[in-house]
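These notes concern the structure reproduced below.
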Amino acid sequence: MNNVIQYLIDHGGCSIQYRIRREIFKEIASSKDLLNLKEQIMEKPKVKKIIDQRQSDGWLGNELHGGPGKGLDSSVTFLLNFGVERDSLFMKDVIKALLQEKKETSYRTTFKGGEALDLGGRGGNKAVKAGILAELGEENNLLVQDEIKTSLYYFRESLLYNNINDFSMVNKKGIRYYKPDAHFPGSNHLFLLAQTQSWRTTDNIELIRNSLKHCIKIMRGNSHDIMFNTSSYFVGPFNFNWNFYNFDIDELHQDSYALVWWLRNLFKLSKIGMINQLPELKKAYDYLYQLIKSRDILDKQNEESLKRYKQILSVENNWRRKESIICDVLFYSIINLHNAGYEVKEISF
């Protein structure tokens, strides 16, 4: 059997080596070895492709929300995933560009439906901007603090609902959407709280624990995508899959994206700080732990699921080597477990 961490260091590329040494071994970023790895990261073709989309003021891409290289939010997450530090010059420029008052720009500082989603507290322009700032360590920004208050309010309000029909409805075409003034938490609310610390009073932690437990209970068996009605069209807000704890890798043939979305949901949850206090959360991370140890996360993937994994979560330069595929698949899972408080240094596969 192979020790996972040692395997990642021995066979992983510069991004994987850098993040393992920085995040798990807590090495100083200014050490000679890590400075060398940082230089290599900035020369990676995938990283350079994103940075090449920089606007003159530091904005990445040509809109607020979209895929890597197009949307600022995904571009920032993409670079962070590759090991670009949030205090780097590029990220500092992103913060400046995001906070700067603008009259006219060659790019969009909003996204379609964003203003309507803002009014509904559903992950609109303000929430996306707050999420980016939180990821980059700007938690004390007023916009971030306002969105934290909104997130806590939505979790508090969720305790008033008894089932999915209390806060959403279905139209004649079968589209399920949020009722007016419904306050049920979504992915943006959860991720913002997981990324920040200032809200974590004893009362608020108890609130989130109780709300998560309640949301999981009333959403059990419901896998609906709930839309937001802007009055003129429907837009898909940032839903969260509350049935994440029932993921089964043997069912990948039904949905090639299932593993990727599951891992991303676990990433959103991983820093919330109460994994061991809710059985469903513990079940999900324990299952991920076993998927690594048994090699099922490698051996039970099919060609299509691996294609999605490479497309969305890969940080290796390419998959020409078998070792690169193994490193990519294991790395994101190990980071998830580490963030969730698991001891990952002794895991073997």
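I'd like the residue in region 118-136 that is within 21 Å of Gln197 (Cα to Cα) and in contact with a strand residue (DSSP E or B) (Cβ under 9 Å, 6 or more places away or on another chain) and, out of all such residues, is surrounded by the most Cβ atoms within 10 Å (Cβ to Cβ).
Gly123
For the list (1) touching a Lys or Arg at 6+ places or on another chain (Cβ under 8 Å); (2) hydrophobic (A, V, I, L, M, F, W, C); (3) closer than 23 Å to Gly13 by Cα; (4) part of a helix (DSSP H, G or I), I need the number of the one condition that Ile297 fails.
Just one mismatch for Ile297, condition (1).
Which of the residues that make up region 56-86 are open to solvent by 10 Å² or more (accessible area, probe 1.4 Å), in contact (Cβ under 8 Å) with a residue 24 or more places away in the chain and polar (S, T, N, Q)?
Asn62, Thr77, Asn81
Quick check: is even one residue across region 296-304 open to solvent by 50 Å² or more (accessible area, probe 1.4 Å) and without any contact (Cβ under 8 Å) to a residue 40 or more places away in the chain?
Yes: one or more hits.
Quick check on this structure: which one of Leu37, Leu64 is of a type in the set (A, V, I, L, M, F, W, C) and farther than 25 Å from Asn188 by Cβ? Before the answer, list the steps.
On the way: Leu64 fails: farther than 25 Å from Asn188 by Cβ.
Answer to the check: Leu37.
Go through the residues of region 26-38 one by one and say whether even a single one is at pLDDT 95 or above, open to solvent by 50 Å² or more (accessible area, probe 1.4 Å) and in contact with a Lys or Arg (Cβ under 6 Å, 6 or more places away or on another chain).
Looking through region 26-38, at least one residue is at pLDDT 95 or above, open to solvent by 50 Å² or more (accessible area, probe 1.4 Å) and in contact with a Lys or Arg (Cβ under 6 Å, 6 or more places away or on another chain).
Given the condition out of contact with any Gly (no Cβ under 7 Å at 6 or more places or on another chain), over 18 Å from Ala182 (Cβ atoms), in a loop (DSSP other than H, G, I, E, B) and open to solvent by less than 70 Å² (accessible area, probe 1.4 Å), answer yes or no: does some residue in region 256-267 qualify?
We begin by selecting, within region 256-267, every residue out of contact with any Gly (no Cβ under 7 Å at 6 or more places or on another chain); these are 256-267.
Remaining after also requiring over 18 Å from Ala182 (Cβ atoms): 256-267.
Next, from what is left, pick out any that are in a loop (DSSP other than H, G, I, E, B): 256-257.
Those left that are additionally open to solvent by less than 70 Å² (accessible area, probe 1.4 Å): 256-257.
The answer is yes, given that some residue of region 256-267 is out of contact with any Gly (no Cβ under 7 Å at 6 or more places or on another chain), over 18 Å from Ala182 (Cβ atoms), in a loop (DSSP other than H, G, I, E, B) and open to solvent by less than 70 Å² (accessible area, probe 1.4 Å).
Among the residues of region 185-199, is any loosely packed, with under 15 Cβ neighbours inside 10 Å, within 18 Å of Ser158 (Cβ to Cβ) and touching a Ser or Thr at 6+ places or on another chain (Cβ under 9 Å)? Give the derivation first.
Step one: of region 185-199, the residues loosely packed, with under 15 Cβ neighbours inside 10 Å are 197-198.
Checking the rest, the ones that are also within 18 Å of Ser158 (Cβ to Cβ) come to none.
Checking region 185-199: not a single residue is loosely packed, with under 15 Cβ neighbours inside 10 Å, within 18 Å of Ser158 (Cβ to Cβ) and touching a Ser or Thr at 6+ places or on another chain (Cβ under 9 Å).
With respect to the numbered conditions (1) in a helix (DSSP H, G or I); (2) in contact with a helix residue (DSSP H, G or I) (Cβ under 8 Å, 6 or more places away or on another chain), which one is the sole condition not fulfilled by Arg86?
(1)
Inside region 273-289, can you point out the residues that are open to solvent by 40 Å² or more (accessible area, probe 1.4 Å) and β-branched (Val, Ile, Thr)?
The answer is none; no residue qualifies.
Each row is one residue, and each column tells you yes or no for (1) out of contact with any helix residue (DSSP H, G or I) (no Cβ under 8 Å at 6 or more places or on another chain); (2) farther than 21 Å from Ile326 by Cα; (3) in a loop (DSSP other than H, G, I, E, B).
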| position | (1), (2), (3) |
| --- | --- |
| Asp225 | yes, yes, yes |
| Phe228 | no, yes, no |
| Trp242 | no, yes, yes |
| Ile272 | no, yes, yes |
| Leu281 | no, yes, no |
| Tyr285 | no, no, no |
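Here are some residues: Lys217, Lys213. Which one is in contact with a Leu (Cβ under 7 Å, 6 or more places away or on another chain) and either of a type in the set (A, V, I, L, M) or surrounded by fewer than 20 Cβ atoms within 10 Å (Cβ to Cβ) (or both)?
Working: Lys217 fails: in contact with a Leu (Cβ under 7 Å, 6 or more places away or on another chain).
Being in contact with a Leu (Cβ under 7 Å, 6 or more places away or on another chain) and either of a type in the set (A, V, I, L, M) or surrounded by fewer than 20 Cβ atoms within 10 Å (Cβ to Cβ) (or both) holds for just one of Lys217, Lys213, which is Lys213.
In region 131-140, is there at least one residue being more than 19 Å from the chain's Cα centre (by Cα) and assigned to a loop (DSSP other than H, G, I, E, B)? Give the steps one after another, and end with the answer.
Within region 131-140, the first condition is being more than 19 Å from the chain's Cα centre (by Cα), and the residues that meet it are 140.
Checking the rest, the ones that are also assigned to a loop (DSSP other than H, G, I, E, B) come to 140.
Checked against the condition, which is being more than 19 Å from the chain's Cα centre (by Cα) and assigned to a loop (DSSP other than H, G, I, E, B), region 131-140 yields at least one hit.
The values are calculated or read from the model by the stated rules, or taken from the named source; none is laboratory data. What you see is a predicted model, and the numbers here were worked out from it, not measured in a lab. Every residue, glycine among them, receives a Cβ derived from its backbone with ideal geometry; neighbour counts consider all protein chains shown. In case anyone asks, the SASA skips ligands and DNA or RNA and just uses the protein heavy atoms, side chains included. Shrake-Rupley method; radii C 1.70, N 1.55, O 1.52, S 1.80 Å.
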